[in-house]
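The values are calculated or read from the model by the stated rules, or taken from the named source; none is laboratory data. The shown structure was predicted, so the numbers you read here are calculated from the model rather than taken from an experiment. Heads up, the Cβs are rebuilt from the backbone with ideal geometry, glycines too, and the neighbour counts pull from every protein chain shown.
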Amino acid sequence: MTKTDILSLSFNELEAEILAMGEKKFRAKQLFEWLHKKKVTEFSQCTNLSAQFVAALDEKFCLNNLKIKKRLVSSIDNTVKYLYELPDGERVETVLMSYSHGNSLCISTQVGCRMGCAFCASTKAGFVRNLTPAEMLLQIYETERDSGRPVESLVLMGIGEPLDNYDNVLKFLYLLSSPEGRNMSLRHVSLSTCGLVDRINELAEFKLGLTLSLSLHAPTDEKRSAIMPINKKYCVAEVIEACRNYFEKTGRRISFEFSLIADVNDNRETAMELIKLLKPLSPCHVNLIPVNEIREGGFRKSPNVKSFQKFLTEGGLNATVRRTLGSDISAACGQLRRDNI
C-alpha cells in the first residue's frame, strides 16, 4: 500500500483522514501541531497519542525527512547554505541569511528549472520535477532543527520557478499560514517569478498578502528575450500589466529584480528605458543584483552598479543594491547542486 505524505495534507484534509480512521476530531489538531509546530520527525514523538494510534499512523502515512548532504557556513556574514537530499535522492538548495530584522530563508520549489534564463545556474542541470508542499516545508523545518535559528521570513527564490509549480506552491503557502500550524503571516513571504502572466493574475485573485518579486532583468522585448526565453511567450508589456493588476488587487508593492550584466544591460540607455517602463507603476522597488558569474554563462559582473542605481533614483525610482551574502560559499542558487550531481 502506498502511504500518504502527511505533511502535504491541509488541516481539513488531515481531519477527514483522522475521522475516517475512527479517531476523535480533536486528534487532528493535536497531530497537526506536532507536525507543524513541534516539527517531529517520527510519529512516536507525539507523546499525547496512544501507541495504537501511532501504529495506525505509521501504517497509513509517511513522515519524510531531508538529509543534509553538504552544509557551507560563511565566515563573512553567518550565511548558511544547505544541499538537501530529498527522499528520492534528488537534491535542492536552501540558504539561511541573517538580517537586522531576523533570519530569512531562501527555499527551492523545483528540482532544476525549465525557464532557461541565460545567467542562472539553476537551469543549467535541467528540470527534473516539482517539489511537493511537504518538501518545501521540510526545508524550513530541517534548517531550523539544524541551525537552531528561527526563520522569521521566507523567499521563494531558490532553484525553480515557483509559479511553474503553482498548485503545490499555493498549497504550501496555505499550510505555512495555517492558524492550526505554523501560522506564518504571508506578508513575511516573497515569491520570485520570471513572469508567468496567467499565474500572476490567478495569484492576485487570492489576495494572500505576499510580496511579488518580478525577475525583469531587461526593459525591452529585444533585450529581455535575448537572456530570458520566457519573454517570447509573455512579452514585457504583458508582464508589466500583470504586475499592475497584482498591485491593484492586493495593494502590495511590486519588487523588480534586475541583475546587472557587464556590457549587456548596465548602461545609461537601459536605465532610462527602465525608468520609462516602471515609473507608472510607482510605488515599486527595483532590486539591483550584481550578476552571479557562472562557468557556462559567460557573463561578467557590471562595474556600473552604483552609477546605474544613481540613474534610477534620480529618475524617480526606488532602487537599492542587494546586499551580497555568503559570497565566500557561492550562496547564489544552483551552484552547489550543479557541482554535486
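Details
- Note on the range 294-320: among residues that are farther than 25 Å from Arg244 by Cβ and among the aliphatic types (A, V, I, L, M), the one that is modelled with the highest pLDDT is Val305.
- The residue that is surrounded by the most Cβ atoms within 10 Å (Cβ to Cβ), counting only those in the range 141-176 that are of a type in the set (A, V, I, L, M) and in contact with a strand residue (DSSP E or B) (Cβ under 6 Å, 6 or more places away or on another chain), is Ile159.
- Scanning the range 67-121 for residues that are on the phi > 0 side of the Ramachandran plot and out of contact with any Pro (no Cβ under 6 Å at 6 or more places or on another chain) yields a count of 4.
- In the set (1) farther than 20 Å from Asn287 by Cα; (2) of a type outside the set (S, T, N, Q); (3) surrounded by fewer than 19 Cβ atoms within 10 Å (Cβ to Cβ); (4) in contact (Cβ under 8 Å) with a residue 24 or more places away in the chain, the condition left unmet by Pro179 is number (4).
- Long-range neighbours under 6 Å by Cβ, at least six apart or interchain, first residue assigned by TED's automatic domain parsing to the domain that holds Phe119 and surrounded by fewer than 18 Cβ atoms within 10 Å (Cβ to Cβ) within the range 218-229, second assigned to a helix (DSSP H, G or I) and basic (Lys, Arg): Ser225/Lys232
- Residue in the range 202-210 that is in a helix (DSSP H, G or I), outside the structural domain of Leu35 (by TED's automatic domain parsing) and crowded, with 21+ Cβ neighbours inside 10 Å present: yes
- On the stretch given as the range 255-288, residues that are surrounded by 22 or more Cβ atoms within 10 Å (Cβ to Cβ) and assigned to a helix (DSSP H, G or I) total 3.
- Of the numbered criteria (1) buried (at least 19 other Cβ atoms within 10 Å of the Cβ); (2) within 17 Å of Ser215 (Cβ to Cβ); (3) modelled with pLDDT of 95 or more, the one Val291 fails is (3).
- Filtering Glu241, Glu269 for residues that are under 27 Å from Arg199 (Cβ atoms) and free of Cβ contacts under 8 Å to residues at least 60 places away in the same chain leaves a single hit, Glu241.
- Options Gly298, Gly316: the member that is more than 30 Å from Lys207 (Cα to Cα) and outside any helix (DSSP H, G or I): Gly298
- Lys67 satisfies every condition listed in (1) closer than 14 Å to Asp5 by Cα; (2) surrounded by fewer than 14 Cβ atoms within 10 Å (Cβ to Cβ); (3) of a type outside the set (Phe, Trp, Tyr) except (1).
- Test: residue in the range 143-163 that is charged (D, E, K, R), in a loop (DSSP other than H, G, I, E, B) and either under 12 Å from the mean Cα position of the chain (by Cα) or modelled with pLDDT under 95 (or both): yes
- Residue match in the range 37-48 (condition: assigned by TED's automatic domain parsing to the domain that holds Asn103 and free of Cβ contacts under 8 Å to residues at least 60 places away in the same chain): no
- Residue within the range 70-88 that is more than 21 Å from Leu138 (Cα to Cα), under 30 Å from the mean Cα position of the chain (by Cα) and hydroxyl-bearing (Ser, Thr, Tyr) present: yes
- Some residue of the range 245-254 being within 22 Å of Gly160 (Cα to Cα), in a helix (DSSP H, G or I) and in the same structural domain as Asn168 (by TED's automatic domain parsing): yes
- Scan of the range 321-341 for residues that are part of a loop (DSSP other than H, G, I, E, B) and either modelled with pLDDT of 75 or more or touching a Pro at 6+ places or on another chain (Cβ under 8 Å) (or both), ordered by number: Arg322, Arg323, Thr324
- Of residues in the range 1-32 being at pLDDT 95 or above and β-branched (Val, Ile, Thr), the one surrounded by the most Cβ atoms within 10 Å (Cβ to Cβ): Ile18
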